[in-house]
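Following: one structure in structure tokens, then a few remarks.
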Amino acid sequence: MKFSMQWLEKDLETTASVQEIADTLTMIGLEIESVDDPAEKLKGFVVAHVIDAKPHPDADRLQVCTVDTGNGTFEVVCGAPNARAGMKGVFAGEGSYIPGIDVTLKKTKIRGVESNGMLLSEREMGLSDDHDGIVELPGDAPLGAIAADIMGLSDPVFDIAVTPNRADCLGVRGIARDLAAAGIGALKPIDLKAVKSVYESPVSVVLDLGDAADACPYFVGRHFRGIKNGPSPDWLQEKLLQIGLRPISALVDITNLMTIAYCRPLHVFDADKLIGNIHVRLGKKGEKFLALDGKEYELDDEMTVIADDAQADGLGGVMGGDATSCTGDTVNVFLESAYFDPARTAMTGRKLNLLSDARFRFERGIDPAFLIEGAEIASQLIQSICGGDASELVIAGQEPAWQRSYFLRQSRVAELGGVQVPGEKIEKILTDLGFTVTAKDGGWDAAVPSWRRDVVGEADLVEEVIRINGFDNIPAVSLPSAHALPTGAVNLAQDRRGRARRGLAGRGLTEAVTYSFLPSAHADLFGGVPDEIHLANPISSDLDVMRPSILPNLIAAVGRNADRGFSDISLFEVGPQYAGEAPDDQSIVAAGVRAGNIQPRAWTNRPRAADVFDAKADVLDILAQIGAPAGSVQVTNEAPAWYHPGRSGSLQLGPKTVLAHFGEIHPRVLAAMDVAGPIAAFEIYLDTVPSPKAGRGTARAKLELSPFQSVTRDFAFVVDDKVAADSLARAAKSADSKLITEVRVFDVFTGGDMEAGKKSIAIAVTLQPAEATLTDSEIEAVSDKIVANATKQTGGVLRG
């Protein structure tokens, strides 16, 4: 919302500076986006009279001008073709900053002649790109006067961010009212005089809305005859140009003025182009409408239409039609001042992708009690600028019910706002904002003004008092401490997510952030989703379900990168996935994918493609980093259907608690997603990782280093094909969990002279004594236990 200082002063009597106004606007909730003050940029530029202009002695295109500023005379070397004796221009002296060319002037010699300043063009002043000549000022401009004032450039323009609930501040008067309540001046009364009506309107208005009467409950209009619709006067054009609006014609400019000044959008029809009377109705399905923007739109039966007896002439609250638009030949017009339902206006605009200043205000809710006043103010402007006669007002429907009041307890201001505000000040603030306040025991009855659609309860009244009193007046109060010692702000679940992110990034994966929804076709490849998490209003037609797994989005990202030549990529994401609509159906997962080569080509080694073991290593490392009981984790070859059945697995605690899945993605899934493989992937279910025992947190166990030499012994066992290598390693480890610090599988052999259905698994067992060096007999005793455990738990036989 843009407005100028002079525009604001039409409604606000104030002596406050631009900075004071800007600061106050922000403090009362109308945040300043920018303040453009041309006078500040042109500070130091003054009106000067060119006394003499002589040719430069050493340059054909330059002149040496003697200029008088009223405070002295200066010689200036100037190359402008229009520089001449007797003219008045804009002078910048030594030390002045020239914004258009980003230069600070200093005394200098130009072709041997000293120049003590500069006569400025519009380009050098930063006003336009025109640099064909210097600025010429009127002959009666006083010497030494501030050039910005003479040129009409001393009016700062404010640009504020208006929140959707404050439609009243989409008009300058609403902003002035808030500033007056905050103590920045006094709100001026509106100079409202009803225009003289000399005839009955030949155009009547019919509200033909049936059951949708709330679409337009109130319509005020007026007919004008004998007007002249030429260019609007300079003062009106300058007002609009200052805030970025293009002047079009007197009638259109008046409606734009009313929109910005009073948040009262209006529309004018060329009455001679209307066929019969005006009918406010709902659109017809398939009905065509040519709008003022030159585009044709197809309407439906939920849109509010302003029509005549033959056709649609306007979209209620959105935009007028081309068929009845006003031109320079217009002599008879019909003025529309109506109230349109905010929700229906917003729906119409969204369906048609049509945005206008009118829609922006109507969909937020304008003042339903300002229709007649708005029509009278516009009528004054039309007659003063365009002339003509005015008819009687045409009124259809009635003002919608907006009256309501709420009781404000004085104690609630301190309870909800945290600041004590005297009762007299509370009453004054609400009164200045337009509320009708009646004192009662312990508080006030506050009748809400018609323009404050956003106030719907006592808490809103407290908010009004607090913001006008000043948010900076709320005292800083420390929160009470619930514990003698401070507690961490991050809980265990949040800590684990952070550790997982840092750990995966440290392993060379790049974090991705993808949508929490995906195409239903991709969801079906990863187990599908129930009907309740299909999206009723998706942001895109192909993102229609909540994701049952993070992997599809990561795999799709791999495909997009591969299409752009980045085939070696590793991605991860830590976030939610969904199995249903209940809170327990959402789980936090750390998922990752590795595609292409795990390391780049180099002369020292051959490239190696990512495989299931890379995914498994990622999972084991992250589980260790987040404090999972790694020593108790079991590896199984069971995995969901989207993994390759022979190259995947799970990490579990017992038969029911699954900590993670890992493996290569099934080729069928990759083919359906049109992504080249192989791709190794993993999913770590952070919510299923058990919490550590009380007092341990996620801290690692104390590192105990032994001063004694460790011993490594190799064993090879012949076992059935179905026996997992992990089962054998666990059996060996359980022989002496304190002495045996590591069991590592280093070979699996099948075929050759091996019996059918059998395989050989070789393990390396590390023994680490803590109290004394191991003797041969102690090593042999442990070795016997290892063999015995392996035989008992896996049926394995020590290979000879």
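The values are calculated or read from the model by the stated rules, or taken from the named source; none is laboratory data. Computed from a predicted structure; not experimentally measured. With ideal geometry, Cβ positions are generated from the backbone for all residues, glycine too; neighbour counts draw on all protein chains shown. We work out accessible area using only protein heavy atoms, side chains counted, and drop any ligands, DNA or RNA first. Shrake-Rupley method; radii C 1.70, N 1.55, O 1.52, S 1.80 Å.
Odds and ends about this structure:
- Largest to smallest principal axis extent of the C-alpha atoms in the stretch 617-687, angstrom: 38, 23, 19
- Between 0 and 90°, nearest 10: helix 492-506 axis offset from the chain longest Cα axis: 80
- Remark: the stretch 128-241 carries a charge dipole of roughly 780 debye about the Cα centre, counting +1 on each Lys and Arg Cβ and -1 on each Asp and Glu Cβ.
- Its Cα gyration tensor gives the stretch 1-158 an equivalent ellipsoid. The semi-axes, each the square root of 5 times an eigenvalue, are 36, 15, 13 Å from largest down.
- Pairs from the table (Lys188/Lys273; Lys196/Lys428; Lys196/Lys273; Lys109/Lys239) lying more than 31 angstrom apart at Cα are Lys188/Lys273; Lys196/Lys428; Lys109/Lys239.
- Centroid-to-centroid, using Cα positions, the stretch 713-727 and the stretch 515-586 are 40 Å apart.
- The chain - percent of accessible surface contributed by carbon and sulfur, probe 1.4 Å: 50
- Convex hull of the stretch 1-41 built on C-alpha atoms - directionally averaged projected area, nm²: 3.2
- In plain terms, the bigger the Kirkwood radius, the slower the diffusion; for the stretch 558-648, with that radius from Cα pairs, at 37 °C and 0.692 mPa s, Stokes-Einstein puts D at 207 µm²/s.
- Relative contact order of the chain, defined on C-alpha pairs under 8 angstrom at six or more residues apart (%): 8
- Over the stretch 431-557, relative contact order from alpha-carbon pairs under 8 Å, at least 6 apart, %: 15
- The angle between the Cα long axis of helix 551-563 and the main principal axis of the chain comes to about 70°, on a 0 to 90 degree scale.
- Viscosity 1.002 mPa s, temperature 20 °C, Stokes-Einstein D of the stretch 644-800 from Kirkwood C-alpha radius, µm²/s: 114
- Diagonalising the gyration tensor over the Cα atoms of the stretch 47-111 and scaling each eigenvalue by 5 before taking the square root yields semi-axes of 18, 16, 11 Å, largest first.
- Basic side chains Lys and Arg get +1 at the Cβ, acidic Asp and Glu get -1 at the Cβ, and with that the dipole of the stretch 713-789 about its Cα centre reaches some 300 debye.
- Those lysines that a straight Cα-Cα span of less than 21 Å connects to Lys284, excepting residues fewer than 8 apart in one chain: Lys295, Lys351
- Alpha-carbon centroid distance for the pair the stretch 178-240 / the stretch 728-793, whole angstrom: 94
- Treating r as the C-beta distance of Ser384 and Arg668 and R0 as 60 Å, the FRET efficiency rounds to 0.20.
- Three-way shape label, the stretch 572-717, alpha-carbon gyration tensor, a/c 1.5: oblate
- Taking the average, over residues, of other Cβ atoms within 10 Å as the packing measure, peptides 187-195, 744-752, 546-554 rank 546-554, 187-195, 744-752 from highest down.
- With the alpha-carbon atoms of the stretch 465-620 aligned to their principal axes, the span from lowest to highest coordinate is 69, 45, 31 Å, starting with the largest.
- Counted over the stretch 193-324 with a bin width of 10 Å, the fraction of Cα pairs per bin, in whole percents, is 11, 37, 36, 15, 1.
- Alpha-carbon centroids, the stretch 48-75 and the stretch 112-138: separation in whole Å: 13
- When Cα extents along the principal axes in Å is computed from the coordinates, the matching label among (i) 119, 85, 60; (ii) 109, 69, 59; (iii) 100, 89, 70 is (i).
- The stretch 1-75 - charge dipole about Cα centre, Lys and Arg +1 at Cβ, Asp and Glu -1, debye rounded to 20: 260
- Full-stretch length increase - Lys284, Glu13 - with 0.36 nm per residue and alpha-carbon distance subtracted: 92.6 nm
- Summed over qualifying helices (DSSP H, 4 residues or more, each -39500 (n - 2.57)) and divided by its residue number, the chain shows a 222 nm mean residue ellipticity of -7500 deg cm²/dmol.
- Gyration tensor verdict on the stretch 303-425 (Cα atoms; rounded if a/c is under 1.5, prolate if a/b is larger than b/c, oblate otherwise): prolate
- Three-way shape call for the stretch 216-262 based on the alpha-carbon gyration tensor, with the a/c threshold at 1.5: oblate
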